[in-house]
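Notes for the one structure printed next.
Where a number appears in this text, it was derived from the coordinates with a stated rule and is not lab data. Everything numeric here is computed off the predicted structure, so don't read it as measured data. Cβ coordinates were reconstructed from backbone atoms using ideal geometry, including for glycine residues, and neighbour counts include every protein chain displayed.
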Amino acid sequence: MSVHPLPHTTNGVEPHLDDDVEVLAADRAENVAASQRRVRHITGIEPSRTFDHQKIAQAVRLLFEAIGEDPDRPGIADTPARVAREYDEIFAGLLVDPADVLSVTFDEAYDEIVMMRDIEFHSMCEHHLVPFTGHAHVAYLPNANGQVTGLSKLARLVDVCAKRPGLQERMTAMIADALERALEPRGVMVVVEARHFCMEMRGIRKPGAQTVTSTVRGKFRDDPKTRAEAMMLLKG
Ligand SMILES: [Zn+2]
């Protein structure tokens, strides 16, 4: 018996003529360009790569099948492609380096604490793939040159660190790492407060419980006076 390999297909696409291949390639190039635009809009940075949208869509389809839903049901037929595009937004942080958010710095000879409180963020728990959402408070003490960054950049840094499957602890440290790399400050303090839907929708079901994580480095850690000042600012 001779076995003929099946024609190679992806994403349920039928074997096609050469013309179709060109059309598909053009579609794909357009999708990649649209995807890059979305990521650039959200992060302010040119992404180094894009996601495999076909694979995401296939995975979502499989997920529907696995729970006994009909993926071709009119209400959800477009969901796989929609989720693929949506991941450009909610996981955009994976496509850029957080420190690049802070690439523009100013020598302001400012040597006092810079703090931004209540930066809202939405992230996705990597253990359960459901959201965790909350606020970050970010503070740094500029270096001897008084190097600072724009306040809007601090908000964007939090956003970029949040937009990926992650853990609150790692996200907190990632914000501090990026600040240290970009600004070489004398001290960094990052406090993150969040609600985790993996604890509210399932598991221990504790609606409203806040998880608080913090990373404290440099003078905020070593100098009690600076630390006390930062804590006071943090509480408002
Ligand atoms: Zn979780």
The answer for the longest stretch of the chain without any exposed GluC sites (Glu not before Pro) (DSSP loop, at most 16 further Cβ atoms within 10 Å) is 127-236
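If you take the beta carbon distance between HIS122 and ILE204 as r and set R0 to 25 Å, what does 1/(1 + (r/R0)^6) give as a FRET efficiency, to the nearest 0.05? Provide the component values of the computation, followed by the final result.
Details: r = 21 Å, r/R0 = 0.86.
FRET efficiency, HIS122 to ILE204: 0.70.
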At R0 = 35 Å the Cβ-Cβ FRET efficiency linking LEU62 and GLU108, nearest 0.05, sits at 0.10
Whichever lysines have a C-alpha closer than 28 Å to that of LYS235, once near sequence neighbours (fewer than 8 apart) are set aside: LYS153, LYS163, LYS206, LYS219, LYS225
Please work out the FRET efficiency for the pair GLU193 and ARG73, using the Cβ-Cβ distance as r and a Förster radius of 41 Å; give the result to the nearest 0.05. 0.55
Fully extended, how many nm does the chain gain between ASN145 and ARG221 (0.36 nm per residue separation, minus their Cα-Cα distance)? 25.3 nm
Mind putting a number on the dipole of the stretch 99-235 about its Cα centre? Charges go on the C-beta only, +1 for Lys and Arg and -1 for Asp and Glu, and I need it in Debye to the nearest 20. 560 debye
Springs between alpha-carbon atoms under 10 Å, Gaussian network over the chain: tell me which of HIS53, HIS137, HIS128 tops the mean-square fluctuations. HIS128
Electrostatic dipole magnitude of the stretch 194-236 [Cβ: Lys, Arg +1; Asp, Glu -1; Cα centre; debye, to 20]: 120 debye
Listed residues VAL148, SER103, THR215: farthest to the positive end of the dipole of the chain (Cβ charges): THR215
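I need to check one value: relative contact order of the chain, counting alpha carbon pairs closer than 8 Å and at least 6 residues apart, in percent.
Value for the chain: 16 percent.
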Dipole of the stretch 18-94 [Lys/Arg +1, Asp/Glu -1 at C-beta], most positive-end residue of VAL83, GLN36, LEU94: LEU94
At 7 Å along Cα-to-Cβ for each site, give me the label-to-label distance between THR133 and THR50 in nm. 2.8 nm
For the chain, shape from the Cα gyration tensor axes a ≥ b ≥ c, cut at a/c of 1.5 then a/b versus b/c, turns out prolate
Using +1 at the Cβ of each Lys and Arg and -1 at the Cβ of each Asp and Glu in the chain, identify which of CYS198, ILE45, PRO71 lies farthest towards the dipole's positive end. CYS198
Antiparallel DSSP bridges in the chain: what percent, to the nearest 5? 95 percent
Sparse-neighbourhood loop sites, trypsin sites (Lys or Arg not before Pro) in the stretch 36-132 - DSSP loop, at most 15 other Cβ within 10 angstrom: ARG49
